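For reference, the structure is listed below as structure tokens.
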Amino acid sequence: MAALGKIRSWSAFLVIVIALGLFAFIAEELFRSLDAQKSEQGQQIGEVLGEKISVQDFQKLVDEYSEVIKMQQGVDNLPEEQMNQVKDMVWNTYVQTKLIEKEASKLGLTVTDEEMQNILREGTNPMLLQTPFVNQSTGRFDAASLQKFIADYKSNKVSDNPQMKEQYDKIYKFWTFIERTLRQQVLAQKYQSLLAHCILSNKVEAKMAFKDENEESSIQLAAFPYSDIQDSKVKIDDSDLKAKYDELKARFRQPVESRDIKYIDVKVTASAADKSELNKQFAGYKKELITAADPTNLMHKSGSQVAYIGVAAPKQLYPSDIAARLDSMAVGQIYGPVVNAQDNTLNLIKLYGKSSLPDSVQVRQIQIAGASVDEARKTADSVYTALKGGADFATIAKKYSQTGDQQWLTSRQLIGSLEQNNSEDARKVTEAIENGKVNAFSNIELTQGNIIIQVTDRKAMTDMYNAAVIKKTIDFSKNTYRAAYNRFSSFVSANTNAESVIKNAAKSGYKVDELQNVTTAEHYVANIHSTRDVLKWIFDAKEGDVSPMYECGDNDHLLLVVLDKIHKKGYRDLSDPQVKEIVKAEVIKDKKAEMIIAKLNGVNSIQAAKGKGAKISAVNQITFSAPVFLTSVGASEPALSGAVSATAKGKFVNHPVKGNAGVYLFQVTSKNMRKAKYDEKTEEQSLRQKYLQYAGNFMNELYINADVVDNRYLFF
């Protein structure tokens, strides 16, 4: 009993201990949950209609689309600028698809498998003509060819031939992309078509539109430009600005957050000593090129931006400044060294050969391997002899687990492949394809075996050039960069706030530039490469913050940024300097119009208007359907077109017309109909198309209402 009493006396303490233990357990789980949620949010590249997309899922879409582009262009890699375009295209397509899918779902719109099959059977959709399944004879999409490929793909998916498997995988992924995109396109077309059928035109409108387009008026114009009144003579107060802002507020809607920055960009360039050293190098290169029968070693040693591949190529595959010189050069001639200021390079060219070769070659091949190279050679000799004796190419190819199908290769594809794999084997194959005679066979010995090639057709003969090109950037040395870095670093250390940076930049020889309305959709800051970290800083900083010094660009820029202004999503208010400037300009225009109109009271003729200081001129061919452009004020004036249309021939306008650049009075001197035939159906269709263009902004409205979040700048 004593023990029980002891326990009871401690009961309150035990309750507290147990409660604390439970709280610790719950808190631990809560923190884990919050950490997991934070980690998940950190991997989200964006959000559309409340649906999040992870960076991994987005990257898959980017990889998929970039592979499609590579296949279409016949290249293995895409440059950075093109990859940025791919990322933008993928993002915009993703957003638009989500918006359309939601609206279509509300309406019950879908694209059925049967509809897709009908589209494939018709074969007229432009997207289908971008696929490999186009009949070369008819130029039309061949559904049977697609079906055969899919069947072959399934049977070859586990093929022992890795090259064939890779090729089939690429084409299959390409087709699945086209099929999915086609389905999305058809759904969007259905939605737009439904929207289009909600817009109608009628006979009354058609007749009015025909008259508006074809009735031409000529006038005597009396113009009173706003520019004749000095802005200083116009008095405005805050109430005027507020009233005009409320009137124009819709103009200042901002669908995404943006930021204004000030920045100093230091571009490091080569010094005189750097240029002198590069000229010495090129003098040595030129001396070696004069005697070099094969420049391969020299080209490798030089580090040229243009690889030497040792075979003839179309001049379009050389840099444009080099291509412009090749036609005028003789074989064996050396040109340069010469500076190209556009790409900041020093260039040296030696033309080794010029020939007329086909731009496109149709070819088929059989790869021969064996337990040893000698065995492969013997097998290849037997196959080569059999083919020359009339054996069927496709039958023999199948014996070696290959299709032997014919394929067209362009010179761009051949050279691009050779640039990626610049080996002796690759050069042998390229030369055999370029120079092969139609229907002749070539048995080419490679390092690990043989390949038998037959050229079956050639077309589009063109001049090709074998040129050694040494192109090097006129770059700065480490010492030059170090000097620029140290100097700018000292400036940054001495100026730690926005005010001092802006005040002292010019004194130190630096220029402060401005950039307005930077958004998260940007790829670069101020068009400088490798500025993703700068962009992250901009959207994490507060107004007035000064960034650290960034090394960016192509390792040739030093950048300092001041965050000047944050513009939140929504309506910019009147305190925004840009908004205030626009509103102020509109208020001044209104005040000037009031001043001009007040002095025109009682003016009822052109002569009287002239007496008030008007600029008089004749203006012809005015129609209601198009704003008239007045050379006297340098502006288009829709209001004047409307007023002229409503005024009868010979009449003087009954009140002044307030325009964009002035106030106007006029007298109509003539009205005539153009010699045009009225076609009711054509006019109605034209009106409908015009209304559809107006309705075409629906996607922008859907975007604004979708609460789109774009965090791509954090990852790309």
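The values are calculated or read from the model by the stated rules, or taken from the named source; none is laboratory data. None of these values were measured; they are calculated from a predicted model. Methodologically, a virtual Cβ is constructed for each residue, glycine included, from the backbone with ideal geometry; neighbour enumeration extends over all protein chains shown. Side chains included, ligands, DNA and RNA excluded: accessible areas come from the protein's heavy atoms. Shrake-Rupley method; radii C 1.70, N 1.55, O 1.52, S 1.80 Å.
Gly544 fulfils the conditions (1) within 25 Å of the chain's Cα centre (by Cα); (2) at positive phi except for a single criterion, (1). When Asp260 is tested against (1) within 29 Å of Asp475 (Cα to Cα); (2) within 35 Å of the chain's Cα centre (by Cα); (3) modelled with pLDDT of 95 or more; (4) of a type outside the set (Ser, Thr, Tyr), exactly one condition is not met: (1). Note on segment 125-139: among residues that are of a type outside the set (Gly, Ala, Ser) and in a loop (DSSP other than H, G, I, E, B), the one that is farthest from Tyr172 (Cα to Cα) is Thr138. The sole residue among Glu701, Glu680 that is surrounded by fewer than 17 Cβ atoms within 10 Å (Cβ to Cβ) and without any contact (Cβ under 8 Å) to a residue 24 or more places away in the chain is Glu701. Checked against (1) in a strand (DSSP E or B); (2) surrounded by 14 or more Cβ atoms within 10 Å (Cβ to Cβ); (3) aliphatic (A, V, I, L, M); (4) touching a residue at least 40 places away in the same chain (Cβ under 8 Å), Ile444 passes all but a single condition, namely (4). For segment 514-573, the tally of residues that are more than 19 Å from Ser489 (Cβ to Cβ), hydrophobic (A, V, I, L, M, F, W, C) and surrounded by 17 or more Cβ atoms within 10 Å (Cβ to Cβ) stands at 9.
Screening Leu687 with (1) surrounded by 18 or more Cβ atoms within 10 Å (Cβ to Cβ); (2) modelled with pLDDT of 90 or more gives one miss only, at (2). Residues that are modelled with pLDDT under 90 and within 29 Å of Gly370 (Cα to Cα) number at least 3 in the following helices (runs of 4 or more DSSP H) confined to segment 140-214: 143-156, 162-196. Looking only at segment 77-110, residues that are part of a helix (DSSP H, G or I), open to solvent by 40 Å² or more (accessible area, probe 1.4 Å) and within 30 Å of Gly553 (Cα to Cα) come to 9 in all. Quick check: anything in segment 413-434 modelled with pLDDT of 85 or more, within 30 Å of Met299 (Cβ to Cβ) and not in a loop (DSSP other than H, G, I, E, B)? No - not one qualifying residue is present in segment 413-434.
From the residues in segment 89-130 that are within 19 Å of Leu61 (Cβ to Cβ) and free of Cβ contacts under 8 Å to residues at least 40 places away in the same chain, which one is nearest to the chain's Cα centre (by Cα)? Applying the filter and picking the extreme gives Met89. Scanning segment 337-369 for residues that are open to solvent by 20 Å² or more (accessible area, probe 1.4 Å) and among the small types (Gly, Ala, Ser) returns Ala341, Ser355, Ser356, Ala369. Test Val583 against the criterion of being among the hydrophobic types (A, V, I, L, M, F, W, C), open to solvent by less than 80 Å² (accessible area, probe 1.4 Å) and either in a loop (DSSP other than H, G, I, E, B) or touching a His at 6+ places or on another chain (Cβ under 9 Å) (or both), and give yes or no. So Val583 fails the test.
Within segment 229-263, being under 27 Å from Asp513 (Cβ atoms) and either open to solvent by 80 Å² or more (accessible area, probe 1.4 Å) or polar (S, T, N, Q) (or both) holds for Arg251, Gln254, Ser258.
Residue-by-condition table, conditions (1) open to solvent by less than 20 Å² (accessible area, probe 1.4 Å); (2) within 29 Å of Val331 (Cα to Cα):
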residue	(1), (2)
Asp265	no, no
Ala272	no, no
Ser276	no, no
Thr291	no, yes
Lys301	no, yes
Ser304	no, yes
Val311	yes, yes
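Here Gln163 fulfils each of the conditions (1) under 19 Å from Asp405 (Cβ atoms); (2) open to solvent by less than 30 Å² (accessible area, probe 1.4 Å); (3) touching a residue at least 24 places away in the same chain (Cβ under 8 Å); (4) not aliphatic (A, V, I, L, M) apart from (2).
Yes or no, residue by residue, for (1) farther than 30 Å from Asp231 by Cβ; (2) aromatic (Phe, Trp, Tyr); (3) in contact with a Gly (Cβ under 7 Å, 6 or more places away or on another chain):
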site	(1), (2), (3)
Pro638	no, no, no
Lys649	yes, no, no
Arg688	yes, no, no
Gln693	yes, no, no
Leu702	yes, no, no
Phe715	yes, yes, no
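Of all residues being touching a helix residue (DSSP H, G or I) at 6+ places or on another chain (Cβ under 7 Å) and within 15 Å of Ser193 (Cα to Cα) in segment 690-706, which is modelled with the lowest pLDDT? Just the residue, please. Step by step, filter segment 690-706, then rank; the result is Ala695.
A single entry from Thr480, Thr473 fulfils the requirement of being open to solvent by less than 40 Å² (accessible area, probe 1.4 Å) and in contact with a Ser or Thr (Cβ under 7 Å, 6 or more places away or on another chain): Thr480.
For every residue, the table says whether it meets (1) of a type outside the set (D, E, K, R); (2) in contact (Cβ under 8 Å) with a residue 12 or more places away in the chain; (3) touching a Phe, Trp or Tyr at 6+ places or on another chain (Cβ under 6 Å).
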site	(1), (2), (3)
Ser493	yes, no, no
Val501	yes, yes, no
Thr520	yes, yes, yes
His529	yes, yes, no
Phe539	yes, yes, no
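For segment 192-228: of the residues being acidic (Asp, Glu) and open to solvent by less than 70 Å² (accessible area, probe 1.4 Å), which is farthest from Ser605 (Cα to Cα)? Among those that are acidic (Asp, Glu) and open to solvent by less than 70 Å² (accessible area, probe 1.4 Å), it is Glu205.
Tallying residues that are hydroxyl-bearing (Ser, Thr, Tyr) and touching a residue at least 60 places away in the same chain (Cβ under 8 Å) within segment 380-411 yields 5. Of all residues in segment 587-607, those that are over 28 Å from Lys249 (Cβ atoms) have Cβ atoms under 8 Å from Cβ atoms of residues that are open to solvent by 30 Å² or more (accessible area, probe 1.4 Å) and β-branched (Val, Ile, Thr), 6 or more apart or on another chain, in Ile606/Ile616. Selection of segment 628-672 for residues being assigned to a loop (DSSP other than H, G, I, E, B), surrounded by fewer than 17 Cβ atoms within 10 Å (Cβ to Cβ) and more than 43 Å from the chain's Cα centre (by Cα) yields Ala646, Ala648, Lys649, Gly650, Lys651, Asn654, His655. Determine if segment 122-135 includes at least one residue that is open to solvent by 90 Å² or more (accessible area, probe 1.4 Å) and either modelled with pLDDT of 90 or more or under 30 Å from Tyr400 (Cβ atoms) (or both). No, that holds for no residue.
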